[in-house]
Amino acid sequence: MGKRKIIHVVGTGTIGEPLIGLLTDYRDKLGIDEITFHKNSALLGDYTKVLDLQHRGARLAVDKTKVDDFCALGMEPDFETEEAIGRATVIIDCTPKGIGHHNKERYYSKFADKVKGFLAQGSESDFGKKYAVGINDDALLTESDQFIQIVSCNTHNISCITKTIALDGVGSENFVAGKYVCIRRANDMHQEGGYIPSPQ
């Protein structure tokens, strides 16, 4: 029997929480044996989110020094941070800008001989090779590309539009220049404070 396929997601925010839920719900169809996730802060306001993810089958990992804080709020961790990273096949880092680089330096480089791949979200520039689904699939080298930066949703959208309208079946000589305007919601779901509601 081969090594179990374990996906470990770091962060439970705007990207992390839905990703953990999606991976957990479709675990069997995706051929994944287990989903674990890391939560940094023990917050009472996150109690239902964490319990929902656990009830769906994901397993919680926290820093060794924060185990008691989580337990005091009724969130029972299954693993400590380094233990969860060390048993994972792939790590998906969904933390805010800058934290992914910190995690790479502090943890990921230490486990590079055990973990097959480390993925970080769009704001983690230079985390690894930049990747956009369906755009540069051929650029990925499974033997050597262990650290991957999944480019932002805006980069994905602009790349997809450019490829579809200007490049598909024609080649790069068909594309001279492009100007794009990306319009998105004012805030992410978790953001309660100030925002710019529309362009002026």
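The values are calculated or read from the model by the stated rules, or taken from the named source; none is laboratory data. Just so it is clear, the model here is predicted, and its values are computed rather than measured. Note: ideal-geometry Cβ built from the backbone for every residue, glycine included; neighbour counts use all protein chains shown.
Data for the structure
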{"read-out": "Residue ranges of strands (runs of 3 or more DSSP E) in the stretch 111-150 with at least 2 members more than 15 Å from Thr95 (Cα to Cα) and in the same structural domain as Ile91 (by TED's automatic domain parsing)", "value": "129-131"}
{"read-out": "Residue pairs meeting the criteria (Cβ under 6 Å; at least 6 apart or on separate chains; first over 21 Å from Leu23 (Cα atoms), in the stretch 89-116; second modelled with pLDDT under 95 and assigned to a loop (DSSP other than H, G, I, E, B))", "value": "Lys97/Ser123"}
{"read-out": "Neighbours by Cβ (under 6 Å, 6+ apart or cross-chain): first from the stretch 45-69, of a type in the set (Gly, Ala, Ser); second not in a helix (DSSP H, G or I)", "value": "Ala58/Ile35; Ala58/Phe37; Ala61/Thr36; Ala61/His38; Ala61/Phe79"}
{"read-out": "Filtered residues of the stretch 47-68 (kept if among the acidic types (Asp, Glu) and surrounded by fewer than 16 Cβ atoms within 10 Å (Cβ to Cβ))", "value": "Asp52, Asp68"}
{"read-out": "Single residue of Ser144, Ser152, Ser159 found to be among the hydroxyl-bearing types (Ser, Thr, Tyr) and within 20 Å of Gly16 (Cα to Cα)", "value": "Ser152"}
{"read-out": "In the stretch 152-174, the residues that are within 27 Å of Asp126 (Cα to Cα) and not in a helix (DSSP H, G or I)", "value": "Ser152"}
{"read-out": "Within the stretch 55-90, considering residues that are touching a strand residue (DSSP E or B) at 6+ places or on another chain (Cβ under 6 Å) and in a strand (DSSP E or B), the one farthest from Asn103 (Cα to Cα)", "value": "Arg59"}
{"read-out": "Check on Thr65, at pLDDT 95 or above and within 24 Å of Glu143 (Cβ to Cβ)", "value": "no"}
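Results for (1) surrounded by fewer than 19 Cβ atoms within 10 Å (Cβ to Cβ); (2) modelled with pLDDT under 90; (3) not acidic (Asp, Glu), shown as yes or no for each residue.
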{"position": "Glu124", "(1), (2), (3)": "no, yes, no"}
{"position": "Val133", "(1), (2), (3)": "yes, no, yes"}
{"position": "Ala139", "(1), (2), (3)": "yes, no, yes"}
{"position": "Gln146", "(1), (2), (3)": "yes, no, yes"}
{"position": "Ile150", "(1), (2), (3)": "no, no, yes"}
{"position": "Thr155", "(1), (2), (3)": "yes, no, yes"}
{"position": "Ser159", "(1), (2), (3)": "yes, no, yes"}
